[in-house]
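**Q** Take a look at this one; I'll ask things after.
Each value in this text was obtained by applying a stated rule to the coordinates, not by laboratory testing. Here the structure is a predicted model, which is why all the values come from computation and not from measurement. With ideal geometry, Cβ positions are generated from the backbone for all residues, glycine too; neighbour counts draw on all protein chains shown.
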Amino acid sequence: MRRKTAHLFGGCAQIGGMLNKLPGERSQALWEYGFNLGMAFQIVDDLLDFTGDSEAVGKPIGSDLREGKVTLPLIHLQQHEKGDRGATIIRDVIAARTVTPEVWHELLRALKEHASIDYAYRRAVEFAERAKKPLYTFPPSSERDALLALPDYVLARDR
């Protein structure tokens, strides 16, 4: 998450400050905003693989796992499951690069049973709130308001 999306968002936000020749602390505030926004964005994106509608998301549900991507909900499941059925499903899907509807529903059941989806969403909320804090180093403006609204949009998106 950090290397894939958070650093990209952080760098993009910071570049805006650099181009406007903002002082270092304000440029850093923009980087922190973007980094945390990127973390929230990626977690929500990962959650959509389990909770989204394939037409709205624009890709088949479960495609991340079939591509071998082990995301935060899956990591949480593996760490908190007493047995290893979830871990076995994850390994089997990654190895086969396919999943039957029955196995997918079993995995979703395990994720819900262990509150792995809820855990990941709570983490996304935490990052969204962290994204907002650095923006208060800037004076009130319509631009700041727009940036403050973006983390909430990221949390609510369904595609």
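**Q** Answer rounded, prolate or oblate for the range 105-159, using the Cα gyration tensor with square roots of eigenvalues a ≥ b ≥ c: rounded when a/c is under 1.5, else prolate when a/b is larger than b/c, else oblate.
**A** It comes out prolate by the Cα gyration axes.
**Q** Mind telling me which of 89, 117, 43 comes out most flexible in a GNM of the chain, alpha-carbon contacts under 10 Å?
**A** 89
**Q** Output the 0 to 90 degree angle, nearest 10, between the alpha-carbon long axis of helix 85-96 and the longest principal axis computed from the alpha carbons of the chain.
**A** Tilt relative to the chain: about 90 degrees.
**Q** Next question, about the same structure. Relative to the longest principal Cα axis of the chain, at what angle does helix 116-132 sit, 0 to 90 degrees, rounded to 10?
**A** Between the helix axis and the principal axis of the chain, the angle is about 10 degrees.
**Q** Note the angle between two axes, namely the Cα long axis of helix 7-19 and the longest principal axis of the Cα atoms of the chain, as a number of degrees from 0 to 90, rounded to the nearest 10.
**A** 10
**Q** If you don't mind, there's one more thing I want to ask. Under 15 Å Cα-Cα from residue 59, which aspartates and glutamates qualify once same-chain neighbours fewer than 8 residues away are excluded?
**A** Counting by Cα, and skipping residues close in sequence, residue 59 has these aspartates and glutamates nearby: 45, 46, 49, 67, 158.
**Q** If you don't mind, another one. Which value, in debye to the nearest 20, describes the size of the charge dipole of the chain about its Cα centre when Lys and Arg Cβ atoms bear +1, Asp and Glu Cβ atoms bear -1, and nothing else is charged?
**A** 480
**Q** With point charges of +1 on the Cβ of Lys and Arg and -1 on the Cβ of Asp and Glu, referenced to the Cα centre of the range 2-156, which listed residue (83, 116, 24) lies farthest in the positive direction of the dipole?
**A** 24
**Q** Tell me which trypsin sites (Lys or Arg not before Pro) from the range 22-90 have a DSSP coil assignment and no more than 11 other beta carbons within 10 Å of their own.
**A** 82
**Q** With charges only on Cβ, +1 for K and R and -1 for D and E, what is the dipole size of the range 1-73 about its Cα centre, in debye, rounded to 20?
**A** 360
**Q** Build a GNM of the chain with springs between Cα atoms under 10 Å: which of 19, 77, 111 gets the top mean-square fluctuation?
**A** Most flexible of the set in this elastic network: 19.
**Q** Further question on the same structure: Of the labelled options [x] 198; [y] 140; [z] 113, which one gives volume of the Cα convex hull per residue in Å³ as computed for this structure?
**A** Here volume of the Cα convex hull per residue in Å³ agrees with entry [z].
**Q** For residue 149, what is the net charge nearby, where nearby means another residue's Cβ is under 12 Å from its Cβ and Lys, Arg count +1, Asp, Glu -1?
**A** Neighbourhood net charge equals -1.
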